[in-house]
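Undergrad: First the structure, then my questions, so here it is.
We did not get these values from a lab; they are worked out from the coordinates using the rules stated. Just so we're clear, the structure is a prediction, and the values are computed from it rather than from any experiment. For neighbour counting, all protein chains shown are included, and Cβ atoms are generated from backbone atoms with ideal geometry for every residue, glycine included.
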């Protein structure tokens with residue numbers, strides 16, 4: 001469980017492939033005593049530390065995860081958002097983020113002003129029912145609020161602090177982002193759909 005409040009921008013490097021699985025080494029650039037078996041949110045993807053070496057650790061991804069996330073787009077020593085798992089007693093400054101990616105969004109517009117950054121993303125059609133104006137969404141692991149909506153897209157507004165302390169500062173139009181809809185919205189939609197089907 002995470003909150004979507006990014007604590008560091010890290011780097012990733014592909015180490016090897018085992019069949020259809022991929023192993024990456026991650027430098028989290030965060031002073032923390034990481035433990036083997038611990039969960040960490042890497043650009044929205046809940047990942048398990050399988051081993052570590054110094055300040056770096058290693059993570060492994062299965063074929064399904066590679067198919068539904070942007071992991072296959074990660075470049076050698078590319079930048080990623082890092083958030084350690086939520087612990088009892090921690091502040092919940094964002095919203096509940098599971099790290100279970102629903103799909104991939106594409107950036108269609110970036111508007112920069114003095115006080116904010118507006119990022120518009122095309123959302124895969126199956127996940128649009130989970131989106132709501134002023135509702136929560138996690139993009140590349142960042143907890144954000146949907147500021148406006150159109151037929152097939154949502155726009156989020158970032159403060160300069162959020163923009164410069166996440167990988168959004170490196171994004172450009174056409175980039176792919178991991179998208180996780182609010183889990184409460186998904187459960188409500190599921191319950192309503194199930195009742196209708198009955």
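Undergrad: Could I have the simple spin-label model distance between residue 36 and residue 90, label points 7 Å from Cα toward Cβ, reported in nm to one decimal?
TA: Distance between the two pseudo-spin positions: 2.3 nm.
Undergrad: Another question, if that's okay. For 2, 157, which order do you get if you count the other beta carbons within 10 Å of each Cβ and list the fewest first?
TA: 157, 2
Undergrad: Let me ask something else. Full extension from residue 128 to residue 169: what is 0.36 nm times the residue separation minus their Cα-Cα distance, to one decimal in nm?
TA: Working: separation 41, 0.36 × 41 = 14.76 nm, distance 2.54 nm.
Length difference between fully extended and current span is 12.2 nm.
Undergrad: From Cα pairs below 8 angstrom and at least 6 apart in sequence, can you work out the relative contact order of region 74-176, rounded to a whole percent?
TA: Numbers: 139 pairs, mean separation 29.4, N = 103.
That works out to 29 percent.
Undergrad: While we're here: Cα convex hull of region 103-197: how many Å³ per residue?
TA: That works out to 90 Å³ per residue.
Undergrad: Kindly put 33, 109 in sequence by how many other C-beta atoms sit within 10 Å of each C-beta, fewest to most.
TA: Ascending number of Cβ neighbours within 10 Å: 33, 109.
Undergrad: May I ask you to sort 165, 73 by Cβ crowding, counting other Cβ atoms within 10 Å and putting the fewest first?
TA: 73, 165
Undergrad: Can you tell me, using C-alpha contacts under 8 Å and at least 6 residues apart, the relative contact order of the chain as a whole percent? Intermediate results must be reported in sequence, preceding the final value.
TA: Working: 447 pairs, mean separation 47.9, N = 198.
Normalised by residue count, the contact order of the chain is 24 percent.
Undergrad: To the nearest 10 degrees, how steeply does helix 183-197 sit against the main Cα axis of the chain, on a 0 to 90 scale?
TA: 50
Undergrad: Also, quick follow-up: Between residue 114 and residue 52, how many nm apart are label points set 7 Å from Cα along the C-beta direction?
TA: 4.5
Undergrad: Can you give the helix-only mean residue ellipticity at 222 nm for the chain, where every DSSP H stretch with n ≥ 4 adds -39500 (n - 2.57) and the sum goes over all residues, rounded to the nearest 500 deg cm²/dmol?
TA: Computed mean residue ellipticity for the chain: -3500 deg cm²/dmol.
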